[in-house]
């Protein structure tokens, strides 16, 4: 097969893969993991039911890979934006801002994230190596450690602070994304950010 045709075939496969993943994220977010059917995902992705199984062996496999790809994509964007800041304290502050922006620009992603975080313990027992959120938290912890080292925030436990920050963002975004009449997200996030900022500022 000519190289050009091979490239076209590969490109079509990538587009189908992307369409299936996006459809899966949207429907998982709307209906939850257990209530989602593969045929619903296939319909939204505009592919045949069987096509989904050419890319993903089971619904579990689709859920795991969809979330893993989502986290990888968002982390890449986050790192590119945050690394432009001069200090690690500014990076830490911007992490909060960019996290919120990335997920509020596409509200279904916030709902999907919320579902993943509340997945059953049986699911994690079945797939013990599945820990995409751990990569996200590790990146946040790394920024916190560097901010402590540069003296811009006081010496706190990075793991605990990362849980506090991520947990706060998760709760606020979940409340915002699941309400029939969303509240003014910008106002409450600014208040939360101020509390966090002045709660961990260096005493110097």
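Brief remarks follow.
- Of the set (1) exposed (fewer than 15 other Cβ atoms within 10 Å of the Cβ); (2) not assigned by TED's automatic domain parsing to the domain that holds residue 191, all apply to residue 83 but (2).
- When 135, 111 are checked against the criterion of being part of a helix (DSSP H, G or I) and either surrounded by 14 or more Cβ atoms within 10 Å (Cβ to Cβ) or assigned by TED's automatic domain parsing to the domain that holds residue 24 (or both), 111 stands alone in meeting it.
- Region 71-89: number of residues that are in contact with a strand residue (DSSP E or B) (Cβ under 9 Å, 6 or more places away or on another chain) and more than 20 Å from residue 165 (Cα to Cα): 0
- Residue 28 at pLDDT below 90, outside any helix (DSSP H, G or I), outside the structural domain of residue 138 (by TED's automatic domain parsing) and touching a helix residue (DSSP H, G or I) at 6+ places or on another chain (Cβ under 9 Å): no
- Per the conditions (1) closer than 15 Å to residue 108 by Cβ; (2) modelled with pLDDT under 95; (3) assigned to a helix (DSSP H, G or I), the sole criterion not satisfied by residue 36 is (3).
- Within region 92-103, residues that are outside the structural domain of residue 141 (by TED's automatic domain parsing) reach no partner that is part of a helix (DSSP H, G or I) with beta carbons closer than 6 Å at six or more positions or on different chains.
- Some residue of region 63-78 being more than 17 Å from the chain's Cα centre (by Cα), farther than 22 Å from residue 188 by Cα and surrounded by fewer than 18 Cβ atoms within 10 Å (Cβ to Cβ): no
- From the options 122, 145, 150, 203, residue that is over 17 Å from residue 32 (Cα atoms) and at pLDDT below 75: 203
The values are calculated or read from the model by the stated rules, or taken from the named source; none is laboratory data. In this text, all values refer to a predicted model and were calculated from it rather than measured experimentally. A quick note on method: Cβ atoms are made from the backbone with ideal geometry, for glycine too, and the neighbour counts reach across all protein chains shown.
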